[in-house]
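Undergrad: Sharing a structure with you now.
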Amino acid sequence: MHDLSGKVAFVTGAGSVGPGWGNGKATAVLLARQGAKVFGLDINESAACVTRDIIEKEGGTCLVHHCNMLVADEVKNAVEACMKAFGRIDILVNNVGGSAPGDPVTMSEEVWDNQIDFNLKTAFLGCKYVLPVMQQQGSGAIANIASIAGLRHHIAGRTYVAYSSSKAGLIALSKAVALANVKKGIRSNTIVVGTMHTPLVEARLVNQIGGGDAAALIAKRNAGIPMGKMGDAWDVANAVLFMVSDEARYITGTELIVDGGISAARP
Ligand SMILES: NC(=O)c1ccc[n+]([C@@H]2O[C@H](COP(=O)([O-])OP(=O)(O)OC[C@H]3O[C@@H](n4cnc5c(N)ncnc54)[C@H](O)[C@@H]3O)[C@@H](O)[C@H]2O)c1
């Protein structure tokens, strides 16, 4: 099941903002465990090197490449470097992204622009430079990492106007990519992620929205979930693994929601 032997996975944001497991880091490690050679990109090369070291210690293959996914030339160079090293790209995981709260009145134009670029342009650039490789091969699978913020527009009592808009845009981008390539052997799907306990919580959210109290923030996040607790990066990684595996060969242009029941409880 989910054998990725012989496949090459191009994973953006393959490091993590803090110790532990971010979504890109867990995904890179899981894809490598299933036999894929991983090409891990990160703006913070040393964070991606931690991921590479874990993969290599487990006997897998991973190369790390410094890349700012917001800069077209850097993404183009990364794709060329991956092709030089591995000769193909079978899997693209567009994982780079993150949230900033705010409504149109309180949010600055600069934050709005940054959010749209961070969550949407990064995936556009990933697709722009990886798709020609997949089209040449006649095969490929793309997993885009979105958020339930792209389906609902008020998370835990807060408005995330730009995050919601950009993640909704990412879901639309994924469907458009899927249909544009549906006869070319390429699938594109979105993992719609709920409220997870990743290093982001302690590294950024506790100061951004938690008033400096990590335990209180974690308890509040857990309380809002029908399953009673946040998921983690492995829940995201397992969903990505299924969506990019051959077992999902008839699935394209759709979403897999990984949220412990939040969307079902509050559609
Ligand atoms: N953590 C959650 O609760 C949660 C919930 C819903 C959706 N998501 C989504 O999951 C994805 C990953 O989130 P995370 O919290 O696991 O990741 P993270 O914040 O730990 O970041 C992963 C890596 O991305 C790198 N990165 C940041 N900007 C980059 C850029 N411009 N170019 C290249 N690399 C860059 C960072 O250096 C980091 O190593 C995001 O798209 C996020 O929106 C997360």
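Undergrad: Of the residues that make up the range 177-191, is at least one of a type in the set (A, V, I, L, M, F, W, C), modelled with pLDDT of 95 or more, surrounded by fewer than 18 Cβ atoms within 10 Å (Cβ to Cβ) and not in a helix (DSSP H, G or I)?
TA: yes
Undergrad: Continuing with the same structure: For the range 48-74, what are the residues that are crowded, with 23+ Cβ neighbours inside 10 Å and within 12 Å of Thr122 (Cα to Cα)?
TA: Cys67, Met69 - these are the residues of the range 48-74 that are crowded, with 23+ Cβ neighbours inside 10 Å and within 12 Å of Thr122 (Cα to Cα).
Undergrad: Tell me the residue from Met83, Met69 that is within 13 Å of the ligand (Cβ to nearest atom) and modelled with pLDDT of 95 or more, please.
TA: Being within 13 Å of the ligand (Cβ to nearest atom) and modelled with pLDDT of 95 or more holds for just one of Met83, Met69, which is Met69.
Undergrad: Every residue in the range 192-233 that is more than 8 Å from the ligand (Cβ to nearest atom), in contact with a His (Cβ under 9 Å, 6 or more places away or on another chain) and in a helix (DSSP H, G or I), please.
TA: Passing the criteria: Ile218, Arg221, Asn222.
Undergrad: I would also like to ask the following. Is it the case that some residue within the range 234-247 is near the ligand (Cβ under 9 Å from one of its atoms) and within 20 Å of Gly20 (Cβ to Cβ)?
TA: Scanning the range 234-247, I find at least one residue that is near the ligand (Cβ under 9 Å from one of its atoms) and within 20 Å of Gly20 (Cβ to Cβ), so the answer is yes.
Undergrad: A follow-up question, please. Of the residues Gly228, Gly212, which is at pLDDT 95 or above, over 24 Å from Lys37 (Cα atoms) and surrounded by fewer than 18 Cβ atoms within 10 Å (Cβ to Cβ)?
TA: Checking each option against the conditions leaves just Gly228.
Undergrad: Which helices (runs of 4 or more DSSP H) does the range 1-113 wholly contain that include 3 or more residues that are farther than 22 Å from Asn144 by Cβ and touching a Phe, Trp or Tyr at 6+ places or on another chain (Cβ under 6 Å)?
TA: Fully inside the range 1-113 and qualifying: nothing.
The values are calculated or read from the model by the stated rules, or taken from the named source; none is laboratory data. Only a predicted model underlies this, so the values are computations on that prediction, with no experimental measurement involved. Note that we place each Cβ from the backbone using ideal geometry, even for glycine, and neighbour counts take in every protein chain shown.
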